[in-house]
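K.L.:
Take this structure, written in structure tokens, and hold onto it; I'll ask about it next.
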Amino acid sequence: PACETAYSTAARLKCSMSAPITAYILTVGACVELVFDKLPITPSRLTPGPLGARVVLGGLCAATLSAAVQQSAIVGAVVGGLGGFAGAWVGYYVRRYLTTTRKAPDFLVALIEDAIAIAAALLVVSRV
């Protein structure tokens, strides 16, 4: 009932992101990304498509978390988008350094990168 009368952007965002179907869709998307990232045909995270997706999803997730704690969804979206952008670049260069300079196996580095990202996400969500 509260979602049916939500008029503010933050309230609508919070309602739509808390819907069970949203959780299912995002979970499937995250699982697909975990697998797709390991394939040799996957384009660089710095190309427009993957980079844009990281910026948009980072902004959407941060806006939702901000709305959930009664903070500005707009500020959350901007900070999350910037975080997605920065994370893509930092992740790229760290992964490249570890695989080329340190000769670490790419698949292992990718798994560690995923574990760090999942742990960081759980840490952030547990604080909200």
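Each value in this text was obtained by applying a stated rule to the coordinates, not by laboratory testing. Quantities reported herein were computed from a predicted structural model and do not represent experimental measurements. Quick reminder, even Gly has a Cβ in these numbers, built from the backbone with ideal geometry, and neighbours come from all protein chains shown.
K.L.:
Please list 74-83, 110-119, 24-33 highest first by mean number of surrounding beta-carbon atoms within 10 Å per residue.
P.N.:
Highest mean packing first, the order is 74-83, 110-119, 24-33.
K.L.:
To continue, here is another question. Taking only the C-alpha atoms, wrap a convex hull around region 57-128 and report its volume per residue in Å³ as a whole number.
P.N.:
69 Å³
K.L.:
Between ILE112 and THR47, what is the FRET efficiency for a Förster distance of 22 Å, r being their Cβ-Cβ separation, to the nearest 0.05?
P.N.:
Efficiency at R0 = 22 Å is approximately 0.45.
K.L.:
So, in nm, how far is label ARG127 from label LEU34 when the simple model puts each one 7 Å beyond its Cα toward the Cβ?
P.N.:
Each label point lies 7 Å from its Cα, and together they span 2.3 nm.
K.L.:
Something else: If you take the Cα Rg of region 86-128 and divide it by 2.2 N^0.38 Å, with N the number of residues, what do you get?
P.N.:
Expressed relative to 2.2 N^0.38 Å, the Cα Rg reads 1.31.
K.L.:
Just need the relative contact order of the chain here, percent rounded to a whole number, with Cα pairs under 8 Å and 6+ apart.
P.N.:
21 percent
K.L.:
Helix-derived [θ] at 222 nm for the chain: sum -39500 (n - 2.57) over DSSP H runs of at least 4, divide by residue count, nearest 500?
P.N.:
Using -39500 (n - 2.57) per qualifying helix, the result is -24500 deg cm²/dmol.
K.L.:
May I have the pair-distance distribution P(r) for the chain, computed from all Cα-Cα distances with 10 Å bins from 0 and rounded to whole percent?
P.N.:
Pair shares across the bins are 12, 38, 32, 14, 4, 1.
K.L.:
Could you give P(r) for region 1-59, binned at 5 Å from zero, as whole percent values over all Cα-Cα pairs?
P.N.:
In order of increasing distance, the bins hold 4, 15, 18, 21, 14, 12, 9, 5, 3, 0 percent.
K.L.:
May I pose another question? Would you calculate the separation in nanometres between label points at THR22 and ALA119, each defined as 7 Å from the Cα along the Cα-to-beta-carbon direction?
P.N.:
My value for the distance between the label points is 2.9 nm.
K.L.:
A further question on this structure: With no other cysteine's Cβ closer than 4.7 Å, which Cys residues of the chain count as lacking a disulfide-compatible partner?
P.N.:
CYS31, CYS61
K.L.:
Estimate the FRET efficiency between ARG102 and GLN70 by the formula 1/(1 + (r/R0)^6), using the beta-carbon distance for r and 35 Å for R0, to the nearest 0.05.
P.N.:
0.20
K.L.:
Mind putting a number on the dipole of region 1-92 about its Cα centre? Charges go on the C-beta only, +1 for Lys and Arg and -1 for Asp and Glu, and I need it in Debye to the nearest 20.
P.N.:
With only Lys, Arg, Asp and Glu charged at Cβ, the dipole is about 80 debye.
K.L.:
Now for a different question. For region 34-88, what ratio Rg/Rh do Cα atoms give with a Kirkwood hydrodynamic radius?
P.N.:
Dividing the radius of gyration by the Kirkwood radius yields 1.11.
K.L.:
May I pose another question? Among ALA10, ALA120, GLN71, whose Cα projects farthest towards the positive end of the dipole of the chain, with charges put on the beta-carbon of Lys, Arg (+1) and Asp, Glu (-1)?
P.N.:
ALA120
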